[in-house]
1. With both partners inside region 23-151, how many of the DSSP beta bridges are antiparallel, as a percent to the nearest 5?
2. Could you tell me the distance between the Cα centroids of region 53-100 and region 23-40, to the nearest Å?
3. Ranked highest first by average number of other Cβ atoms within 10 Å, how do 89-100, 117-128, 51-62, 35-46 line up?
């Protein structure tokens with residue numbers, strides 16, 4: 001009985017170690033609806049998983065920067081973050097900036113990212129990209145010897 005209890009305790013301990021080393025890899029995520037990403041990243045925040053940004057993370061994908069704790073996000077040399085104003089379809093079917101959603105989106109970002117965006121004119125319909133040395137100065141580098149699952153985009157439309 002003692003052996004069985006000890007074995008069970010060892011299995012549970014190892015399971016905990018594996019869960020704490022879980023990672024999600026973001027690469028080639030063009031974004032989608034803000035609400036979808038807020039929901040997705042709230043789940044990721046509570047999971048304890050580390051996020052590796054290893055490619056494009058644009059539009060609503062960038063909400064990850066505010067949703068997941070800074071110390072659980074790392075970037076590779078391929079990381080490329082794209083920011084723009086939130087938008088809706090107007091009456092004529094064209095994209096119209098949603099000022100309220102843009103302010104909400106901007107407020108989700110950590111202060112260094114907000115400062116970087118503000119220095120480039122704020123969130124506008126034009127996409128701006130944070131990458132390279134500027135991004136690597138804000139987030140720790142990734143060590144890609146960890147196993148990662150690719151995080152797929154949740155929606156096809158960018159908002």
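Laboratory data are not the source of any read-out in this text; all were calculated from the coordinates shown. A quick note: this is a predicted structure, and the numbers were derived from the prediction, not measured. Here Cβ is always computed from backbone atoms with ideal geometry, including for glycine, and neighbour counts include all displayed protein chains.
1. 30 percent
2. 8 Å
3. Highest-to-lowest ranking by the protection proxy: 51-62, 35-46, 117-128, 89-100.
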